[in-house]
1. Check which residues have an amide H placed less than 5 Å from E279's amide H, if you skip close sequence neighbours.
2. Out of the stretch 113-191, which GluC sites (Glu not before Pro) are coil in DSSP terms and have no more than 12 other C-beta atoms within 10 Å?
3. Return the distance in nm (one decimal) between the two label points of a simple spin-label model at D217 and A158, each offset 7 Å from Cα along Cα→Cβ.
4. Please compute, for the alpha-carbon atoms of the stretch 1-116, the extent along each of the three principal axes and give them in descending order in Å.
5. Considering the alpha-carbon set of the stretch 267-325 alone, what are its Rg and its Dmax in angstrom?
6. At 4 °C and 1.567 mPa s, grab the translational diffusion coefficient of the chain from Stokes-Einstein with a Kirkwood Rh over Cα pairs, rounded to a whole number in µm² per second.
7. Using +1 at the Cβ of each Lys and Arg and -1 at the Cβ of each Asp and Glu in the chain, identify which of M152, H4, A311 lies farthest towards the dipole's positive end.
8. Could you give the length gained on full extension between A284 and R268, defined as 0.36 nm per residue of separation minus the Cα-Cα distance, in nm?
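Derivation of every value follows stated rules applied to the coordinates shown; laboratory data play no part. Just so it is clear, the structure is predicted and the values come from calculations on it, not from any experiment. Note that each Cβ is placed from the backbone with ideal geometry, even for glycine, and that neighbours are counted across all protein chains shown.
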Amino acid sequence: MVRHVLVTGGAGYIGAHACKALARAGYVPVCFDNLSTGWEAAVKFGPLVKGDLMDRASIDAALREWRPVAVMHFAALSLVGESMADPGRYWRVNVGGALNLIEACVAAGVEKFVFSSTCATYGDQDGVVLDEDTPQRPINAYGASKLAIEQMLGNFGASHGLQSVIFRYFNVAGADPEGEVGERHEPETHLIPLMLDAVEGRRGALTVFGSDYPTADGTCVRDYVHVTDLADAHVRGLRWLEGGKGSRVFCLGTGTGYSVRAVIDHARVVTNRAVPIVEGARRAGDAAALVCGSDRARDELGWAPERGLDAMIRDAWRWSQGAGF
Ligand code: UDP
């Protein structure tokens, strides 16, 4: 029997990698995407439904047509800086869109839901390793909108039996090692692709956002996780739900933090090229350090991230030098 999974945001960076992992695992990913930030050319592993989460009827129609065994919800606005400049959009699109999707799932009898949440729900916690039990205190509208959706899933779980796996991602990076999909954002705001653009001279020097944070070298510390490892965790999360194990939150990171300067140093070694940088001001909404305690995902899902920072930079670099989308 064909098992369809509705993947919202399947034309986006993480969603496209998840679609590949799902297809490999024997599911048919049905990509539901409005292509506002995603790419039609990234939809390679199953059908594309052009639809919008703000339009409930388009969700209902997709669920009726494809009868998915589960929904994976990636579609969202996801830029910290933008969310500080325009918080209303984040509440409207992320929270409003998720509410439409969750209500449509309940109406259609879809009971399994995998949700992309974020370590941005934790806020700034003074150097502690963040795990599933750490209190969430977001300091930007992006994180606040994702926390609201986590709470929404809890409410719908209690009232309607919706079972959810919530993944709190740390900093996702890299590209499919086989080069089928990769990262493309317009505008690009993420550290590793911008850094590689600076290496290649496609853009000016990389601006380091803040050198006066309370970290060892003064720059922000993040926990980078390879997008292919992350995609693998989603298949495991889906199997968890199919195994009837109930709702659960998992943090996804490697447990190792790298400062912005450390990432630059690694890029210099991996590419064997200079990385032009300029020092700039802090970016609004950035926490000093976000490092993941991912024991639960390892223990309960059997997930073990296989690729480190150098592999992320190498795969992202290869992708950025190739045809792209
Ligand atoms: N960063 C930077 N310069 C850039 C982009 C990002 O110094 O041009 C820093 C940013 O302040 C953060 C880290 O790199 O500490 C990762 O940022 P990114 O936007 O990739 O991911 P986020 O942490 O916002 O999810």
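1. Hits under the 5 Å cutoff: V208.
2. On the way: sites: E132, E150, E178, E180, E183, E188; in loops: E132, E178, E180, E183, E188.
Hits after loop and neighbour filter: E178.
3. Simple spin-label model gives 4.6 nm for this pair.
4. Per principal axis, max minus min of the Cα coordinates gives 46, 30, 20 Å.
5. So, for the stretch 267-325, Rg and Dmax equal 16.4, 43 Å respectively.
6. Diffusion coefficient, whole number: 65 µm²/s.
7. Final value for the positive-end residue is H4.
8. On the way: separation 16, 0.36 × 16 = 5.76 nm, distance 2.72 nm.
Roughly 3.0 nm would be gained on extension.
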